[in-house]
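Here's the structure, in structure tokens; my notes come after.
The values are calculated or read from the model by the stated rules, or taken from the named source; none is laboratory data. Treat the numbers as computed from the prediction; the structure is a model and nothing was measured. FYI the Cβ positions are ideal-geometry reconstructions off the backbone, even for glycines, and counts take in every protein chain you see. Remember, those area values only see protein heavy atoms, side chains included, never the ligands or the DNA or RNA. Shrake-Rupley method; radii C 1.70, N 1.55, O 1.52, S 1.80 Å.
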Amino acid sequence: MYEEIKKTDPQLHKAVIGELARQQNKLELIASENYTSKAVLEALGSVLTNKYAEGYPGKRYYGGCEFVDVAEQLAIERAKKLFGAQHANVQPHSGTQANITAYLSLIKPGDTVLGLNLSHGGHLSHGHPLNFSGRYFKIVTMNVSKETELLDYEEAEKTIEKERPRLIMAGASNYSRVWNWARLKKIADAWKAYLVTDVAHYAGLIAAGIYPSPVEYADIVTSTTHKTLRGPRGGLILSKAVYAKTIDRTNFPGNQGGPLMHAIAAKAVCFKEALSPAFTEYQKQVLKNARKLARELQARGYRIVSGGTDCHLMSVDLRAKDITGKDAEIALDKAGITVNKNTIPYDPQPPMVTSGIRIGTPAITTRGMKDRDMAAIAGYIDEAITNKGSDKALKGIAEKVKGLCDKFPIYPDFKI
Ligand code: DSN
């Protein structure tokens, strides 16, 4: 496998094969990760990587763009169809790049932005002080309620009344419940703020129609293409037609140079796949698996933040198990289970320690795992956390995990 890399760069080859083996032999429960199709991988490794194409289809600053124009136009049209959007820009290199473009299309540095508190499930690009968002805008936060752990819309509205943000950035990287986009739009309109929704985590579920879409409510919708959407690593912007020109100009030349045409081609493949009935079935199973896994963990004494999930992820409070998120991440990794530590709302622990882990089902569902496997996985998680101090026990669990993984090959003909 990867013979040309092997010939040219044996050191790198070892790392790539190591990663292939890691993906095949371990359970990937990081909520933001997934396995792309081979068609997406092929597009990513195609000759389109050789082409400069600054500008947009039909309006480039380089010659020879007739074929990459086709790829980008396909991606644009499919993204619009998939999400029912009037405009799509498929050039952002990442979700954060998409968010930079969204902010700078609508507001100016120094303006106030309302975003979800990072430790309640928000994202760095929604206002972390070290991120561009926190450095260039005045950030005020919305929070989840201490009691319900659901977004506190009343408190958010009071903050808006007091702070008068110019833009509400809604969306999260660790919030398992449904966002009330319509309510946020009403609040935004009442206080003359723009509404931007970052659906990076929910995009696949939204495309499949099993999670509410913000497209009709938001001025701009941003996303990544590699999480539930199962495409290449990259960003996406959707909007009303009225913002098309300013978004395109802000993204290029405002925020980026040459687009990554191989990634854009892979986005086109991803959107085509997402338009298929099989993708809808996949997303239904992602949700089913997440709910089953949450119930199985609850049955083993784990508290799920907000009591459950309406999407592909859940936030697990580990305090009753006397282990931090940091230590759980380490123990689970030794047991062949990959998760990330994550703060829970009102977490007494600092962000590098945390009281929780975030778990997601997109990747294991792509492998074909179903309800019965969720019960087994919850059992392995519990066994690993119970035996956190015993490397021998954790190694034994890793063998059982590998046994489960062997039944669900990701790329059956990729030989390690
Ligand atoms: N870091 C991503 C996640 O894991 O949710 C968001 O950028």
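Results for (1) more than 18 Å from the chain's Cα centre (by Cα); (2) surrounded by fewer than 19 Cβ atoms within 10 Å (Cβ to Cβ); (3) basic (Lys, Arg), shown as yes or no for each residue.
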site	(1), (2), (3)
Arg249	yes, yes, yes
His262	yes, no, no
Leu287	no, no, no
Leu293	yes, no, no
Tell me which of these Asp111 doesn't satisfy, since it passes every other one: (1) acidic (Asp, Glu); (2) in contact (Cβ under 8 Å) with a residue 40 or more places away in the chain; (3) over 21 Å from Ile247 (Cβ atoms). (3)
If the requirement is being touching a Lys or Arg at 6+ places or on another chain (Cβ under 7 Å), open to solvent by less than 40 Å² (accessible area, probe 1.4 Å) and either farther than 18 Å from Asn117 by Cβ or part of a loop (DSSP other than H, G, I, E, B) (or both), which of these qualifies: Ile344, Ile357? Ile357
With respect to Asp382, determine if the residue is open to solvent by 10 Å² or more (accessible area, probe 1.4 Å), without any contact (Cβ under 8 Å) to a residue 60 or more places away in the chain and out of contact with any Cys (no Cβ under 7 Å at 6 or more places or on another chain). no
Exactly one of Tyr380, Tyr411 is aromatic (Phe, Trp, Tyr) and farther than 21 Å from Leu41 by Cβ, and that one is Tyr380
Residues satisfying the stated conditions in segment 47-68, i.e. in a loop (DSSP other than H, G, I, E, B) and within 18 Å of Ala268 (Cβ to Cβ): Lys51, Ala53, Pro57, Gly58, Cys65
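Table: residues versus (1) part of a strand (DSSP E or B); (2) without any contact (Cβ under 8 Å) to a residue 60 or more places away in the chain; (3) open to solvent by 10 Å² or more (accessible area, probe 1.4 Å).
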site	(1), (2), (3)
Ser125	no, no, no
Pro129	no, yes, yes
Arg135	no, yes, yes
Thr148	no, no, yes
Thr159	no, yes, yes
Met169	yes, no, no
Ser173	no, no, yes
Arg177	no, no, yes
Ala182	no, yes, yes
